1. Heavy atoms only, 1.4 Å probe, whole protein assembly: order ASP203, ASP287 by accessible area, highest first.
2. Can you send over the carbon and sulfur percentage of the accessible area for the chain, probe radius 1.4 Å, protein chains only?
3. Where the convex hull is taken over the Cα atoms of the range 79-182, what is its projected area averaged over directions, in nm²?
4. Highest first, please rank the peptides 301-313, 255-267 by the mean number of other Cβ atoms sitting within 10 Å of their residues.
5. How much accessible area per residue does the chain have, in Å², with a 1.4 Å probe?
6. So what is the diffusion coefficient of the chain in µm² per second by Stokes-Einstein at 20 °C and 1.002 mPa s, using a Kirkwood Rh over Cα pairs?
7. Cross-link list LYS183/LYS336; LYS4/LYS118; LYS118/LYS162; LYS13/LYS118: which exceed 25 angstrom alpha carbon to alpha carbon?
8. For the chain, with only Lys/Arg (+1) and Asp/Glu (-1) charged at the beta-carbon, what is the dipole magnitude about the Cα centre, in debye rounded to 20?
Amino acid sequence: MEKKRVTLRDVAKKANVSVATVSIVINGNNQMRIREKTRQRILDVARELNYQPDLNAQILKGKTSSMIGLLIPDITNPFYPEVVRGVTDKANSLGYNVILFNSDNKLEQEAFFIDTLKSLKVAGVIICGVDDGGEQEAALLATLDRDGIPVVAVDRGVLNGKIPSVMIENREACFEAVEYLIKGGHKRIAFVETGQSVGIMEDRFRGYKEALEAYGLEVSKDLFYHLKSTNLEYLHQANGLVKKIRRAKPKITAIFATADVVAIEIIRAAKQLNIRVPEDLSVIGFDDIQLAELIDPPLTTVWQPKYEMGQISMIVLNSMIKEELVAQKTVILAPKFIPRKSAQSLKEA
C-alpha cells in the first residue's frame, strides 16, 4: 500500500496553526512576521512528519523552486568534495537545497544536465565546468542566463567574462611554485596540464612561463605535456608521460603538474619505472587535496581554499537570486605554497 504524502495541511493541524502560516515558514519567506517560537514549532513538526515539498506542483504553477543546481566534472577527483561541502553548507543556511550533477567531464552530459535544471526551474546554478568546454560551454551557460537563471563558476573562468567566478590567483601561485624549483637549481622543468580550454589553465601556464623568463631560462616546446583530463582513464597515461619526460634531452629534472591527482599519478608511475622522487625527479602539484600529504613522498603543492570557494560561490549566487548588487564579477582568493618532500634542490640530490 502506497504511503500517503504529508501535506501542508497535516503540518498545520499538528502545529496548531493555519496552512498559510506553514506555507510562509516552509517557503522561507522572511518578509512575513512570524514569531520565532511558532516558526521553530512548524519546522520541528515538518521534520517529525517528514514533510517534503511537492516540487512538481510548484513547477506546474510556474514557481521557481528553492533548489540550487551544482555541476561538477568528476566526483572521483578529491578536489571537488570540499567545494561541494562549502556550497551545500552555505546553501542550507540560506534556505536552499542543492541537487548535485556529475558530468563525468563530458560536455554532452553537462548540456543534458543544464536542460534538466532549466526544466526544474532551479533558483540558480553553480558550475565547475568540464575540462574541454571552451566556447561551447560558455554558449550553454548563456542559455541559463537567457532563461533568467543566475550562474556562478567555481575554479574556472568563463570565456565570455559575463558569468561571476570564484577562483584563486593562479598566475602568482604557479610563478611561486616554479620559482621554488628554479632557486633549487632546476633549469629544465616540465609543465604538465589538463583542460587546455579552461581559463585558469592559461593563467597557470602564464605563471610558469613568466617564472622561467624571469630567471633567463628557455621556454621550449619539449617542456610542455598534456593530459586530456583528470578522469581516471586518462591518469593511467601518466606512465607513458613520465617515460617521454625522462627521454627528453637535455634532461628534465623537475615537473610542475596543474593538479594534485596528476602529480600523484606521476609519482606512482615514476616508482614503477625505478625513478626516485625527489632524488631523480622533483614533482610539484596543485590543489593540496587530502591525499597530497599522505603519499610517499608527501607532495609539494599549491593549496586552494576549496571549502571557502564553495561557500563564497553560494553567497554570490544568493545575491544574484535576490537581485542584489554583486560587487565584483570575479572573486579572487589567496593560495598558499606548501613545500613538502616530493621536491628538492639539485644540491640535495
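1. ASP203, ASP287
2. 50
3. 7.8
4. Numbers: 301-313: 22.5, 255-267: 26.8.
Final packing ranking: 255-267, 301-313.
5. Accessible area per residue, the chain: 50 Å².
6. In µm²/s, the coefficient rounds to 96.
7. In this structure, LYS4/LYS118; LYS13/LYS118 exceed 25 Å between Cα atoms.
8. For the chain, the charge dipole is close to 860 debye.
The values are calculated or read from the model by the stated rules, or taken from the named source; none is laboratory data. Please read these numbers as outputs of a predicted model, since none were measured by experiment. Positions of Cβ are backbone-derived with ideal geometry, glycine not excepted, and every protein chain shown enters the neighbour counts. Note: areas computed on protein heavy atoms with side chains; ligands, DNA, RNA excluded. Shrake-Rupley method; radii C 1.70, N 1.55, O 1.52, S 1.80 Å.
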